[in-house]
Amino acid sequence: MAKDTGSQAGDVFDVRKVRRLVELMNEYDLAQIDLRQADQRIRLRRGAEPVVSALPVPAVPLAPAAPPVVSPSPDAPAQEKVADFKSIKSPIVGTFYASPNPESAPFVKVGDQVGADTTVCIIEAMKVFNEVPAECSGKIVAVLVEPGDAVEFGQPLFQLE
């Protein structure tokens, strides 16, 4: 008499057990189940194979929008001042650092005067630490990113008056 392998008590390929596993995957939001029993194995996966990229791209919030250029009006002197701000922007994609090492003071802080050759920060890209010069003169009025933040090309880092 032939054995019915699909209904054996210990068979991992029993349809009822497979259905129960699928239900558990859905209930607990599992991406994969991999079971082994002696020389038998069953692996269940939801969705497509994960894609591994060569360079992981960290989630970065969008850069703040440039301040609006407002035509001067007699009752809005504060808005007039916003239009006078210049930005120091990131020349590359990477990680922003305000100081040469964690124990050091930042290169610049709010209220500091900078010249075109003043180093304002370091951007790390592919294990290379790149010093970023101000490229313009003025007084730092705002630091727009935090140390360790991922920055994009052209993202404003500092505002100058």
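See the values below:
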read-out	value
Test result for residue 135, of a type in the set (D, E, K, R), in the same structural domain as residue 94 (by TED's automatic domain parsing), surrounded by 14 or more Cβ atoms within 10 Å (Cβ to Cβ) and over 10 Å from residue 89 (Cβ atoms)	no
Those residues of segment 117-134 which are in a loop (DSSP other than H, G, I, E, B) and modelled with pLDDT of 90 or more, in sequence order	117, 118, 134
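Conditions (1) out of contact with any Leu (no Cβ under 8 Å at 6 or more places or on another chain); (2) in a helix (DSSP H, G or I); (3) modelled with pLDDT under 75, marked per residue:
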site: 9; (1), (2), (3): yes, no, yes
site: 22; (1), (2), (3): no, yes, no
site: 29; (1), (2), (3): yes, no, no
site: 35; (1), (2), (3): no, no, no
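The values are calculated or read from the model by the stated rules, or taken from the named source; none is laboratory data. Computed from a predicted model, the values in this text were never measured in an experiment. Because the Cβ atoms are built from the backbone with ideal geometry, glycine has one as well, and the counts that use them run over all protein chains shown.
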